[in-house]
Amino acid sequence: MLKTGERILFIAPRFFGYEKEIKRELEAFGNQVDWYDDRPSSTSLMKAMIRFRPQLVAKIVNKYFDDIIRKAADVDYDVVLVIKGEAFPAEKIQILREILPEARFLYYSWDSLQNFKNSYEKLKYFDKVYSFDRFDAIKNKKIQHLSLFYTRAYEVLGLSKKTKGQSVIDLLFLGSIHSDRYLVVKKVWAAVKYLKPNVRLYAHFFYQSKWVFAIRKIVDSQFRLIPWSDVKWKSLKSENTLALIERSQILVDVHHPGQTGLTMRTIECLGAKRKLITTNSDVKSYDFYDSNNILVIDRLAPLVPDSFINTDFRPVDEDIYAKYSLRKWLIEIFS
């Protein structure tokens, strides 16, 4: 079980409010949580520098984590939980470990570890290491596989009626633009419209920076085909996301081709008890997979059978369903 009354240092990126949900759930267990971003800034420029030219921002990054370490030295933390920590230098983790010798150090990655530099050299400083990608765990014995989670809000959706009034969305896509994601969604739309011309579709394609998008349109052939008018520059608020999912019958998920771990949207779809169309064939390896509820498509030539569109979500075993809640996720990490 997750202990109560612990003091937790929580370092994680800003990511669509999930860091707030984790902090809130830990506090609901009776713990005191201090959260810090896992990088000095969440701007597009800082993210790019950290990933591709870390030496150019090393001074800023080191000062940022030195400040966290200085503050942590005055607090008797029981646990240090780091999610991703891409910018967190290994030597700074070592120093933090030295000043908090009694604390448990826990790590989770919701990105495939191969996708960011120096990830593996940091793992030795943690007592437990988890990744959302089961292939990370296969490659490295120190890593345990743990899927992502759905929050309490999605449990509420799972208990509610699927639609309200006549305002229904048959297929819904919500997500940021990367790789071939936009093009795949458009192929899915075309495939479904061929079968059902009156199908009701909704997509929110998000990209956080106009100037970065402009550069991508120059250097990336897949971005050149994306009209500016189809891109939204502000991410949806959580309440808007939930409202759209509540009205929807089927969600569409297009995973990054460089990853195999299941996306947050996949697990949230389970929580909300909505059907899913996904490009990630690895979902078939999971205990909640049901071909009635989840359709795996080829990202190059997606086919969507009429029978999938016209059938309802089939209930999942309650023990399996509960296993993917944020509460169970935290209990596993902190156990």
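Throughout, read-outs are computed from the coordinates displayed, never taken from laboratory work. Nothing here was measured: the structure is a model prediction, and the numbers come from that model. We place every Cβ from the backbone using ideal geometry, glycine too, and count neighbours over all the protein chains shown.
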Once amide hydrogens are built 1.01 Å from N within the peptide plane, the residues lying 5 or more places from GLN144 or on another chain with amide H under 5 Å from its amide H are VAL129, TYR130, SER131
Please compute the Cα-Cα pair-distance distribution of the stretch 1-48 with 5 Å bins starting at 0, giving whole percents from short to long.
5, 21, 25, 20, 14, 7, 5, 3, 0
With θ taken as phi - 60° and the coefficients 6.51, -1.76 and 1.60, list the Karplus ³J(HN,Hα) couplings across the stretch 106-111 in order, rounded to whole Hz; mark glycine and proline as x.
10, 9, 9, 10, 9, 10
FRET efficiency (GLN114, ARG327; Cβ distance; R0 41 Å; to 0.05) is 0.90
So if I average 1/r over every pair of distinct C-alpha atoms in the chain and take the inverse, what Kirkwood radius in Å does that give?
21.3 Å
Return the long-range amide H neighbours of VAL33 (sequence gap of 5 or more, or a different chain), with a cut-off of under 5 Å between placed amide H atoms.
ILE8
Report ³J(HN,Hα) in whole Hz for each residue of the stretch 47-54, in order, from the Karplus equation J = 6.51 cos²θ - 1.76 cosθ + 1.60 where θ = phi - 60°; Gly and Pro get x.
4, 5, 5, 4, 7, 10, 9, x
Using the Karplus curve 6.51 cos²θ - 1.76 cosθ + 1.60 with θ = phi - 60°, what ³J(HN,Hα) values do you get for each residue of the stretch 300-310, in whole Hz, with x for Gly and Pro?
7, 9, x, 10, 10, x, 4, 5, 6, 5, 9
Take the residue pairs LYS20/LYS124; LYS284/LYS323; LYS47/LYS234; LYS196/LYS232; LYS47/LYS84 and return only those whose Cα atoms are more than 24 Å apart.
LYS20/LYS124; LYS196/LYS232
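Quick one: net charge around THR260, please, counting Lys, Arg +1 and Asp, Glu -1 for every other residue with C-beta under 10 Å from its C-beta.
Net charge around THR260: -2.
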